[in-house]
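Before any comments, here is the structure.
The values are calculated or read from the model by the stated rules, or taken from the named source; none is laboratory data. Every value quoted in this text rests on a predicted model; they were computed, and no experiment measured them. Note that we place each Cβ from the backbone using ideal geometry, even for glycine, and neighbour counts take in every protein chain shown.
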Amino acid sequence: MAVELVTGNHAAGYALSAAGEANRNARGAVCGIYPITPQTEIVEYVASFPFTKGEVVPVESEHSAMGVSIGGSLAGARSFTASSSNGLAYMVENIMVAGFYRLPIVMVAVNRTLGPPWNIWADQGDTLMLRDFPWIQLYCQDNQEVLDTTLLAFRLAEDRRILLPVVVCMDAFIVSHTQMETELPPQDRVDRYLPPLDLPHRLRSEHPVTLGGLVWPNEAMFHRAEIDEAMDRVPEVFAECQSAFSKVFGRTVDSAIETYETGDAESVLIASGTIAITAREVVRRRREAGEKVGLVKIKLFRPFPEAQLRAACRSAARLGVLDRNYAAGAGGIFWQDTRATFQGSATTALIQGYLTGVGGGDVTPALIDAVLDDLMARSEASRPQWMGLEPPKEDIA
Amino acid sequence: MIEIRVHGRGGQGGVTLAKLIATTRFLEGDSVQAFGLYAAERSGAPVQAFCRYDAEPITNRNLIYEPDHIVVLDPTLISAAITGGLKPGGWILLNAPEPPERFREEFPAHRLATIDATAIARDNDLGTRSVPIVNTALVGAVGRMLGFELESVLASVRHLGFDGGNLDAARRAFEGLRTLDEFVSSGESESTLPAPTPPRPPSFLDGAGGALPQIRTGQWASQQPRRQQMVPPCNHVCPAGNDVQGFLQALAREETDEALDILLRVSPFPGVCGRVCPAPCMDNCNRIGLDGAVNVRQLERYAADHGTAVVEAIAERDEQVAVVGSGPAGLTAAYHLARFGYRVTVLEAGEELGGLLRTGIPGYRLPDDVTDREIDRIREHGVEMRTGVEVDRERLLELARSHDAILVATGLQELRTLSLGTAGAEGVIQGIEFLERVHHEEVRLDGERVIVVGGGNTAIDSARSALRLGAQRVTIVYRRTPNEMPAIGEEVDQAIEEGIEIESLTLPVAIRENCESDGGTGGYLLTCRSMELGAPDESGRRRPMEIPDSDFILPCDRVILALGQSPDLSVFPEGTEVREGSRLLGLIETPVFAIGDLATADGTVAGAIGSGRRSALHIHETLSGELMEDVEHTEARRHVDVWRDEVVHPEAMRMHLFELAHRSNGAGLSPWERSWNFHEVHQGLDNAGEAKRCLSCGVCNECDRCVTFCPEGVLKRVGNSFLFDYSFCKGCAMCASECPRNVIFMSQI
């Protein structure tokens, strides 16, 4: 397989296009596109891809971009798009529609701080705003993981047991615009991994139906429960998709959660995205210094991998959750879900939240050291801590 | 792991340089990263890019705070601040023409290297003239500095799809790098500036979110837009000196009175020129290559016929000036002198004012009432006009004693002739004399066969007049072809439409009577010789050459000669050199100038008007010492930074920004309606919409594209002046590239 020096955006564009092209013998590919920094290169890549069958439709807004992909998916095409930040916020109504329609759309989102004030740097607040929608969410740490996870997302989404859309997330610039060596799989491998899409409820002109019309409350509740069942099946199907990936591409793709040195760790950091890879280096260094520290990288955020997380942190006394996002009036969102996960479990671990790199700041090894120092010195948890904030929060009048 | 930081300006290719360095190592098997530090600033902002490489897989996802080496793309960024965090002994590579020693003092603790990447990029045509792209040169320099193989560097350049000049640039920089491989070790990392404590950000509630940018982005600019006014080709070639672009734009704004006012500041004869001018402005109109010249002649007529304007006198003075001759040159000079306040007397030998306007141009082209109207306007400025006053040499000296200045504008009174022998001399008449008799209604040509010899306007006027006076057949005999005729092309076309024949490449050599007594049919026989065109002569037209033994005979009843005129200098002392601007009658103190055709032999009304105006200014400057031209042009400069006396050629215009539009020709009488009477042929334009086709070459007409397209919003129009806020203008040149008419240009800082 060819290794090339490409950006995260290029990797995502490559994966979306190859996945779409793999459906050329079925109903083809459909992608509604609308640009926004820092994901524009993704839709540019897709727009310039010579699809054998399908349509790339430039539209006037993110809302319509998702609308096009919904239409394409309902017609049986492998459909996808990409967006970011306030663009996602504008797309929200149709994002929700795609989920409730149970369409296996894949969207790549480049995590960018929501404005105003304007800011183009990494913050997960945009995709986490979608956390209560019927979408599977996956967070990636580098270019290769973006490419591999995007391919995996189609297989996961299109599985008959799932049939839910997936959003694949990466940090703005740190991944999206950084050139790194990345393995680009040839089309025939992608073809093998992604068989033609056969959507059970696709619209067919020979049998006209109205999909999504008025339903009674009991029916609506039933549909919600169906989604709940599908979400419950995601960890299992995700693992199947992973092993199929290894068979076809000859390399592994990260699991729903990845653990590092958690076996006997007393203090465990929980992180996602590029912060996880930096945290891993810090943990490696402090392990060498004899400290009992470990790391859990969360890749699958929705559904939240509760069982795996509980298992990974069985022995830990302290959990420090690093969030590059902030839910107003609550704190970090990964922290909230971590607390909920351990509620009612046998674990009595102290769970402390840390707000790091909110608004796109560089989360350096020194900052993570400070997090670990704070965590290891704690006897009780407090409200989430703002790390690297100048002046400290207490001084803000 | 090696980490490199690149300092450049947005748009210079710093990120690509980082990728080029990374690719060099990637192709050698290293793990690499290349990334930029992005922000909202665009072109010209100081920006950074980063590259790291290592034989081991790289896991670091942070920015680079303590680089091993730095590269500076832009010489203007070289300052101590760029070394922040740089490890002691690290390389500093500067894009600069100077040797590295030149920077020793500024950067003592680091190894230094320099390369003139800008010159290398320019030599290889990389980037644009204003923004050379230096990254392919610099990767060569980096490669040499860090001990890479030249082949690895070139492979990287090729891998990213660059070729040709880029490869050469990399190679030249690799070979030409100058290094200073030593530094002062201070033990401590003395050169590493301490990380500054970030200032407390302002609260959102303090309005910080909406504050204007604190960065004076104008400091990033390497070029700035300036406004200029250049000379439109129409203005440049107008023999009268009219502000053609100015009056057209006034008409385009539907300000007909303003258009007439602009014309009347130069010429008292817009109604005349709007009918009879050969309009060199139209031959030089930049619109020709797009969809045909703007119909300037008819628009001038429209302004004259439909506008109302009174040009006020500028001053009142005591000096007296006499003008001899009331043709367009003399009357124009009188008009301007009167405007400047002089007491002017025009002396005309004939019974009517107007010179050849009156007697030389037939009424179907220039009706008398148009000439009357424009002469009346001159008279209203206080010019005294006297007819029937012959001025000979003695009278001229007399006038010189009683006036402060004399202008002689007697035109071309000597008529060129052709030696055709005496056998038929009574059948030959001069065109000018013929037209004068036509004017006085003294001639009819019913049933005659008329031959007109010549190719100028007098020839065409004579031929068409002859037709209107009942001639049975009119033939123009011309020694060149219609393409070389000096006459207005439209007039030639109309003559042909009316049935006038043209015998090209033909030279009459003799005439004799076709006596019935000798078996002839009456009238005359004109012996002609065929010609062919040889090499071009001094006029640029191909010289006609006689073809031997090619004589043939044309029977006719009358021959009209229209071969041109020359000045009658008998009024001046023998041997006087007569040309415009040179003072005559050197023995007396009073300035005496010859003007118009007498001085220039130009032969057009517009040329006579120009000469009259220039001479009036000359007299005024001579008598008062004031420079009028400066005063008159102040208005036209319209707050531009630069006035350039350069003509705007079509290549300088952005023609793709203009929509195609057909030319309006206006209505005219059909040949059937016109060829038997002296009714004015052309009926003029119904409206001045044609003026909207004027491109306003080189002169701002406030189309505001520059204001609309300025991405920074730092260009404002206030009235007809434009304000560039240079403290925020980054020199992106968008305004210049969107200006359709070459008014905005970029000047290097």
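What the table shows:
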item	result
First in segment B:69-92 and in contact (Cβ under 8 Å) with a residue 40 or more places away in the chain, second anywhere and aromatic (Phe, Trp, Tyr), Cβ under 7 Å, 6 or more apart	B:His69/B:Trp91; B:Thr83/B:Phe107; B:Gly85/B:Tyr65; B:Gly89/B:Phe183
Long-range neighbours under 7 Å by Cβ, at least six apart or interchain, first residue assigned by TED's automatic domain parsing to the domain that holds B:Gly454 within segment B:465-490, second part of a strand (DSSP E or B) and of a type in the set (Ser, Thr, Tyr)	B:Val477/B:Thr506; B:Tyr478/B:Thr506; B:Arg479/B:Thr506
Considering residues of segment B:232-288 that are in a loop (DSSP other than H, G, I, E, B) and acidic (Asp, Glu) only, the residue surrounded by the fewest Cβ atoms within 10 Å (Cβ to Cβ)	B:Glu254
Those residues of segment A:235-281 which are hydroxyl-bearing (Ser, Thr, Tyr), within 19 Å of the chain's Cα centre (by Cα) and within 14 Å of another protein chain (Cβ to nearest Cβ), in sequence order	A:Ser272, A:Thr274, A:Thr278
Matching entry among A:Val215, A:Val268, A:Val234 (being out of contact with any Pro (no Cβ under 9 Å at 6 or more places or on another chain) and not assigned by TED's automatic domain parsing to the domain that holds A:Gln336)	A:Val215
Unique match (being modelled with pLDDT of 95 or more, among the polar types (S, T, N, Q), out of contact with any strand residue (DSSP E or B) (no Cβ under 7 Å at 6 or more places or on another chain) and more than 16 Å from B:Ala616 (Cα to Cα)) among B:Thr359, B:Thr332, B:Thr256	B:Thr256
Matching residues, segment A:375-390, being free of Cβ contacts under 8 Å to residues at least 40 places away in the same chain and more than 24 Å from B:Thr59 (Cα to Cα)	A:Ala377, A:Ser379, A:Glu380, A:Ala381, A:Ser382, A:Gln385, A:Trp386, A:Leu389, A:Glu390
Counted residues, segment B:203-234 - those being of a type outside the set (Phe, Trp, Tyr) and either at pLDDT 75 or above or more than 21 Å from A:Asn119 (Cα to Cα) (or both)	20
Yes/no for B:Leu138 being assigned by TED's automatic domain parsing to the domain that holds B:Phe174 and not in a helix (DSSP H, G or I)	no
Enumerated strands (runs of 3 or more DSSP E) restricted to segment A:291-397, each holding at least 1 residues that are more than 16 Å from A:Ala271 (Cβ to Cβ)	A:300-302, A:350-355
Selection count where residues are hydrophobic (A, V, I, L, M, F, W, C), within 11 Å of chain A (Cβ to nearest Cβ) and outside any strand (DSSP E or B), scope segment B:42-59	1
Filter pass, A:Leu203 being farther than 27 Å from B:Ala22 by Cα, within 28 Å of the chain's Cα centre (by Cα) and away from every other protein chain (no Cβ under 14 Å)	no
Near pairs, Cβ below 7 angstrom, 6+ apart or cross-chain, from segment A:136-158 (assigned by TED's automatic domain parsing to the domain that holds A:Gln242) to any residue that is among the acidic types (Asp, Glu)	A:Gln144/A:Glu183; A:Glu145/A:Asp254
Segment B:691-749, residues that are farther than 23 Å from B:Gly10 by Cβ and among the charged types (D, E, K, R)	B:Lys692, B:Arg693, B:Glu702, B:Asp704, B:Arg705, B:Lys716, B:Arg717, B:Arg741
Residues of segment B:93-130 that turn out to be free of Cβ contacts under 8 Å to residues at least 60 places away in the same chain and of a type in the set (Ser, Thr, Tyr), as a count	2
Out of B:Ala39, B:Ala18, sole residue that is buried (at least 24 other Cβ atoms within 10 Å of the Cβ) and either within 14 Å of another protein chain (Cβ to nearest Cβ) or touching a residue at least 12 places away in the same chain (Cβ under 8 Å) (or both)	B:Ala18
Residue match in segment A:375-392 (condition: at negative phi, assigned by TED's automatic domain parsing to the domain that holds A:Arg285, surrounded by fewer than 14 Cβ atoms within 10 Å (Cβ to Cβ) and among the acidic types (Asp, Glu))	yes
Neighbours by Cβ (under 8 Å, 6+ apart or cross-chain): first from segment A:35-49, in contact (Cβ under 8 Å) with a residue 40 or more places away in the chain; second part of a loop (DSSP other than H, G, I, E, B) and of a type in the set (S, T, N, Q)	A:Ile36/A:Ser84; A:Thr37/A:Ser84; A:Pro38/A:Ser84; A:Pro38/A:Ser176; A:Gln39/A:Ser84; A:Gln39/A:Ser176; A:Glu41/A:Thr7; A:Glu41/A:Ser176
Residue tally, condition more than 14 Å from chain B (Cβ to nearest Cβ), surrounded by 24 or more Cβ atoms within 10 Å (Cβ to Cβ) and not in a helix (DSSP H, G or I), over segment A:1-32	6
Hits in segment A:128-187 (condition: charged (D, E, K, R) and either in contact with a helix residue (DSSP H, G or I) (Cβ under 8 Å, 6 or more places away or on another chain) or more than 14 Å from every other protein chain (Cβ to nearest Cβ) (or both))	A:Arg131, A:Asp132, A:Asp142, A:Asp148, A:Arg155, A:Glu158, A:Asp159, A:Arg160, A:Arg161, A:Asp171, A:Glu181, A:Glu183
Total residues in segment A:343-361, condition at pLDDT below 95 and either more than 14 Å from chain B (Cβ to nearest Cβ) or in contact with a Leu (Cβ under 8 Å, 6 or more places away or on another chain) (or both)	7
Residues of segment B:289-322 satisfying the condition of being of a type in the set (Lys, Arg) and surrounded by fewer than 24 Cβ atoms within 10 Å (Cβ to Cβ)	B:Arg297, B:Arg317
A:Ala370 vs. criteria away from every other protein chain (no Cβ under 14 Å), in contact (Cβ under 8 Å) with a residue 12 or more places away in the chain and within 30 Å of B:Ala39 (Cβ to Cβ)	yes
Residue count, segment A:329-358 (criterion: under 16 Å from A:Phe301 (Cα atoms) and within 18 Å of the chain's Cα centre (by Cα))	7
Boolean, B:Arg512 is closer than 30 Å to B:Val296 by Cα, in contact (Cβ under 8 Å) with a residue 40 or more places away in the chain, basic (Lys, Arg) and assigned by TED's automatic domain parsing to the domain that holds B:Gly540	no
Residue satisfying condition, being at pLDDT below 95 and in a helix (DSSP H, G or I), within set B:Ala119, B:Ala169	B:Ala119
Count of segment B:449-500 residues which are within 11 Å of B:Ile560 (Cβ to Cβ) and among the acidic types (Asp, Glu)	1
